[in-house]
Amino acid sequence: MLAKRIIPCLDVRDGKVVKGVNFEGIKEVGDPVECAAEYDRQGADEIVFYDITASHEGRGVILDVVRETAKKVFVPLTVGGGIATVDDIRETLRAGADKVSVNSQAVKNPQLIKDGADIFGSQCICVGIDAKAVAPNKWTVYINGGRIDMKIDLIDWVKRVEQLGAGEICLNSIDTDGVRGGFDIPMLKAVVDAVSIPVIASGGAGKLGDFADAFLKTDCSAALAASLFHFKELTVGQVKADCRSKGINVR
Amino acid sequence: MIAIIDYGAGNIFSVKNALDHLGIDNKLTSDKAELESADSLILPGVGAFPAAMEMLRKSGLVDTIKEQAKIKPLLGICLGMQLLLERSYEFGECEGLGLIKGYVDRIDEPGLVIPHMGWNKLNFRQSCPLFNGLDESYVYFVHSYKAFCSDSSSLFADCEYGSSVAAVIGDGKKVFGCQFHPEKSGETGLTMLRNFASLA
């Protein structure tokens, strides 16, 4: 039986793992290659690098990070942040990433999803989505780190993304992100019901039981968190043990 | 030396990284003479079956691979495994290498999330040298099509996803294929690659 995946995410800026508090007061918390290796030891099912390097020239640094990590860590690696063109996708995969995550650029240019899937295969195209509620059970899609409302209905967008050839969706709720009160179950459920590709829950994990909660209340395939794991409040192993004790199949 | 066949398809660097990490001599190559002098061969691949088969044909390596597979170990990974079968129905019918009897078709069951993506648990169906030192553990899959082997003797391991999904197959001699990615399946996958290398 397919296991539910637990995915730690590392925010990387200029080659260093950072953790921001509301986009201000970003602090460095370590070397990404070492952090990835530690998550691998803890039993992470995949590792996500999210590149928040501001300048385009700085992008080469994340590729070095991926290259070094891919020599030491033998679980799937996903890279997101700043991927805008087919060439960006190619470069990132060639550096050793197994998947890329495209977000704002996919909203601005949906053809990027189709081109990426046609050339490299759906399996390596993950579409990251930031969304926020506008009414009960109605959400719209945001870009640029949750700052710009594109006024696109979330459910319309996820169906379109699937049809364009995305292999997976990473769904981040702006409403629950940073609040640490658990994943956005209604949003997650609505998206999982609308598509037949895997959906990763993101945004809101604050305590041990939140992961199992997402798996028990929705059919999401994976759950992702950053700060909880960064600050060693929880290990991937603890999260899996909790899931296992509640009858959820994990590796 | 293991030759990793570089015909333009797939994330070949991951396979190389894993073999380098294990200290196993290897080379990415599309050179016929190098495939002939190698101790064993790995056929990687991701993407679509017809496109990969077309690239393989253009590389002029189809006959070499078929000949070499009779005399040295060959491991197909993911799409590389699917190419070992006789044919696929991905985007219409397409002929494969025909080294293992059977075909490839879409995973098609109602209510199932596709692609089959993530870690699934192997069930060993027969003894296989690739399993030396291993228990039935989890390995990483990502695919939307699966293999249907004509002979049950070709199936070494499967996993459950809706129904049975062929995970490790072979011709009973020197040809092996795994649907999952051993190079991305942690220690279990690395052990299988080490076991494969030791067959040469």
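The values are calculated or read from the model by the stated rules, or taken from the named source; none is laboratory data. Only a predicted model underlies this, so the values are computations on that prediction, with no experimental measurement involved. Cβ coordinates were reconstructed from backbone atoms using ideal geometry, including for glycine residues, and neighbour counts include every protein chain displayed.
Observations, loosely collected:
- Restricting A:161, A:127 to residues that are in a strand (DSSP E or B) and at pLDDT 95 or above narrows the list to A:127.
- Flag if residue A:245 is touching a residue at least 60 places away in the same chain (Cβ under 8 Å), more than 13 Å from chain B (Cβ to nearest Cβ) and out of contact with any Gly (no Cβ under 7 Å at 6 or more places or on another chain): no
- Every residue from segment A:186-229 that is assigned to a helix (DSSP H, G or I), in contact with a helix residue (DSSP H, G or I) (Cβ under 8 Å, 6 or more places away or on another chain) and of a type outside the set (Lys, Arg): A:187, A:188, A:190, A:191, A:194, A:209, A:211, A:212, A:213, A:214, A:215, A:229
- Applying the condition of being within 12 Å of another protein chain (Cβ to nearest Cβ) and farther than 17 Å from residue B:26 by Cβ to segment B:168-195 and asking which residue is surrounded by the fewest Cβ atoms within 10 Å (Cβ to Cβ) yields B:187.
- Within segment A:85-98, one or more residues are touching a Gly at 6+ places or on another chain (Cβ under 7 Å), within 14 Å of chain B (Cβ to nearest Cβ) and more than 21 Å from residue A:159 (Cβ to Cβ).
- For segment B:149-167, a residue qualifies if it is more than 14 Å from chain A (Cβ to nearest Cβ) and within 12 Å of the chain's Cα centre (by Cα), and exactly one does: B:166.
- Screening segment B:55-82 for residues that are within 14 Å of chain A (Cβ to nearest Cβ) and assigned to a helix (DSSP H, G or I) and picking the one that is nearest to residue B:8 (Cα to Cα) gives B:55.
- Count - residues of segment B:83-116 that are at negative phi and either among the hydrophobic types (A, V, I, L, M, F, W, C) or assigned to a strand (DSSP E or B) (or both): 21
The rows are residues; the columns are (1) in contact (Cβ under 8 Å) with a residue 40 or more places away in the chain; (2) within 21 Å of residue A:19 (Cβ to Cβ); (3) surrounded by fewer than 22 Cβ atoms within 10 Å (Cβ to Cβ).
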{"site": "A:143", "(1), (2), (3)": "yes, no, yes"}
{"site": "A:153", "(1), (2), (3)": "no, no, yes"}
{"site": "A:160", "(1), (2), (3)": "yes, no, yes"}
{"site": "A:169", "(1), (2), (3)": "yes, no, no"}
{"site": "A:173", "(1), (2), (3)": "yes, yes, no"}
{"site": "A:195", "(1), (2), (3)": "no, no, yes"}
{"site": "A:209", "(1), (2), (3)": "no, no, yes"}
{"site": "A:213", "(1), (2), (3)": "no, no, yes"}
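- When restricted to residues that are more than 25 Å from residue B:19 (Cβ to Cβ) and either surrounded by 24 or more Cβ atoms within 10 Å (Cβ to Cβ) or over 15 Å from the mean Cα position of the chain (by Cα) (or both), segment B:97-120 contains 13.
- Top-ranked residue in segment B:9-44 [being more than 14 Å from every other protein chain (Cβ to nearest Cβ) and among the charged types (D, E, K, R); ranked as surrounded by the fewest Cβ atoms within 10 Å (Cβ to Cβ)]: B:25
- Among the residues of segment B:137-148, those identified as of a type outside the set (Phe, Trp, Tyr) and either in contact with a Ser or Thr (Cβ under 8 Å, 6 or more places away or on another chain) or more than 12 Å from chain A (Cβ to nearest Cβ) (or both) are B:137, B:139, B:144, B:146, B:147.
- Unmet criterion (only one of (1) farther than 26 Å from residue A:189 by Cβ; (2) crowded, with 23+ Cβ neighbours inside 10 Å) for residue A:131: (1)
- Candidate set: segment B:8-30, residues that are in a loop (DSSP other than H, G, I, E, B) and more than 15 Å from the chain's Cα centre (by Cα); chosen: the one nearest to residue A:74 (Cα to Cα): B:22
- The selection criterion, being surrounded by 15 or more Cβ atoms within 10 Å (Cβ to Cβ), assigned to a loop (DSSP other than H, G, I, E, B) and within 14 Å of chain A (Cβ to nearest Cβ), holds for residue B:47.
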